[in-house]
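Before any comments, here is the structure.
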There are 2 protein chains.
Amino acid sequence: MSTIPQTATTAAPTQLGIGARFSIHPHCDDFVRVILDALDDVSQAGLTAGLVLETDEVSTYVGAAEAPAEQRLARYLAGVVAAASRRSDGGHVVAHVLLSRGCPGERTCDLSVTGLPVADPVDVPLTGVAAVAQWSLYPLLDGSSDDGDHMVPIEAAIAAAQRRGTATGPAHYATRLAGDVAEVLATAVDAWAQVGASIPHVVSHLTLSVGSPSVGQSR
Amino acid sequence: MSTIPQTATTAAPTQLGIGARFSIHPHCDDFVRVILDALDDVSQAGLTAGLVLETDEVSTYVGAAEAPAEQRLARYLAGVVAAASRRSDGGHVVAHVLLSRGCPGERTCDLSVTGLPVADPVDVPLTGVAAVAQWSLYPLLDGSSDDGDHMVPIEAAIAAAQRRGTATGPAHYATRLAGDVAEVLATAVDAWAQVGASIPHVVSHLTLSVGSPSVGQSR
């Protein structure tokens, strides 16, 4: 048994705590109906398979219990945002998404994780719903690599998003993304997973806006 | 001139890029009026003094141009959330706040900052509006201290929030806070500033919810 090389053992999604928190905000009087209908839509579409969902008074935790973890998360999140847009007849809907990996407990990081998984790029069907977003990526456990210089993987991720065409420019503390909801989420999820192949604890935050009345206005 | 010790020079708010991004989400049909009225209220109340504001299609950047940077930010943010709650007659309003320091440009960190400021705890008048929140704190530039163990300052900040009485418990990837909007924001801002006295680049995210119909329901 000791002949099996350690690097052949890849950490499981639950072992790494791969998951998300999200909240979704329809800007309309009947927001409760829109949210419940949207959650029902994605459940009916089978997008909750392999995920653990827990809703509290602020947001919903989405844990990936089965591989492919990143693709399940990206498809579910894109599905919820697109469904909420449809259920509010194209009204203004904002979602806030926190992606996390490498910190499975509430307050403790497992620093001993080895065999970080290399995830394939996610495949998320286009939704037909256009989004603008602001995106931040935080490699947290980088003390032992690159002398703690967390900007190297961030800059590589932004360059990948620019090649993909979703990154439209920088903003203070964030990068602007635009495109189909599926493409915007895939950009953030792929970057987060890619950095996670070399750094155990990586968090990303994404604020997605669809149907905003202020898009295209000069402010 | 060379007799002046270097530690006497404290980095200015603009030099450190001390600021925030926020978005505010009234869950009602007339959300545009609520937002514009709330922004007007805080401007009339003088809470924009010493701040630089830039609104785009996703969120609003709030840069601190003058000291006390943290107190100006906390008072402004608490004022906006409370005003939006009042302007929507106590309806459901969610705000998402990103606090950042130590990364003044869009993509570059100034690693050479010395003389990190030690901020006094912020003094934010109570708003009378109760909030629940989920809060995350990310010390990013910690490679040179504590061997990159970013959990040490996070755990100290959570302990301080527990002593204050606003931290009500852990959640996946976040800590739950509850209390007056002013107290919840002061908890997050004080923790972020306190960690910033020893680590140059610190980011914090906070999702605040007021008037939620799901608070107190068993889910």
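The values are calculated or read from the model by the stated rules, or taken from the named source; none is laboratory data. Quantities reported herein were computed from a predicted structural model and do not represent experimental measurements. All Cβ positions, even for glycine, are placed from backbone atoms using ideal geometry, and neighbour counts span all protein chains on display.
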Practice problem: List the helices (runs of 4 or more DSSP H) that sit entirely inside the stretch A:1-107 and contain at least 2 residues that are at pLDDT 90 or above. | Solution: A:31-44, A:69-87
Quiz item: If we scan the stretch B:10-24, do we find a residue that is closer than 19 Å to residue B:130 by Cα, within 14 Å of chain A (Cβ to nearest Cβ), in contact (Cβ under 8 Å) with a residue 12 or more places away in the chain and of a type outside the set (Phe, Trp, Tyr)?
Solution: yes
Quiz prompt | the stretch B:168-199: number of residues that are within 11 Å of chain A (Cβ to nearest Cβ) and either among the small types (Gly, Ala, Ser) or more than 30 Å from residue B:87 (Cα to Cα) (or both) | solution = 8
Quiz item: Is one or more of the residues making up the stretch A:130-138 over 21 Å from residue A:22 (Cβ atoms), modelled with pLDDT under 95 and not aliphatic (A, V, I, L, M)?
Solution: no
Quiz prompt | Qualifying positions in the stretch A:53-106 - farther than 14 Å from residue A:17 by Cβ, touching a residue at least 60 places away in the same chain (Cβ under 8 Å) and within 11 Å of chain B (Cβ to nearest Cβ) | solution = A:88, A:91, A:92, A:93, A:94, A:95, A:96, A:97
Practice problem: Among the numbered conditions (1) modelled with pLDDT under 85; (2) at the interface with chain A (Cβ under 9 Å from one of its Cβ atoms), tell me where residue B:145 comes up short. | Solution: (2)
Quiz item: Just for strands (runs of 3 or more DSSP E) wholly inside the stretch A:155-214: which have at least 2 residues that are under 14 Å from the mean Cα position of the chain (by Cα) and under 15 Å from residue A:134 (Cβ atoms)?
Solution: A:202-210
Self-check item: Subset of the stretch B:35-58 (residues that are under 13 Å from residue B:83 (Cα atoms) and out of contact with any helix residue (DSSP H, G or I) (no Cβ under 8 Å at 6 or more places or on another chain))
Solution: B:36, B:40, B:43, B:44
Self-check item: Selection count, the stretch B:25-43, where residues are more than 9 Å from every other protein chain (Cβ to nearest Cβ) and touching a strand residue (DSSP E or B) at 6+ places or on another chain (Cβ under 8 Å)
Solution: 3
Quiz item: How about the stretch B:121-141: which of its residues are hydroxyl-bearing (Ser, Thr, Tyr) and over 16 Å from residue B:74 (Cβ atoms)?
Solution: B:136, B:138
Exercise. Please go through the stretch A:174-190 and pick out each residue that is among the aliphatic types (A, V, I, L, M), free of Cβ contacts under 8 Å to residues at least 60 places away in the same chain and farther than 17 Å from residue A:203 by Cα.
Key: A:177, A:178
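Does residue A:202 satisfy the condition of being more than 10 Å from chain B (Cβ to nearest Cβ), over 30 Å from residue A:89 (Cα atoms) and at pLDDT 90 or above?
So residue A:202 fits the description; yes.
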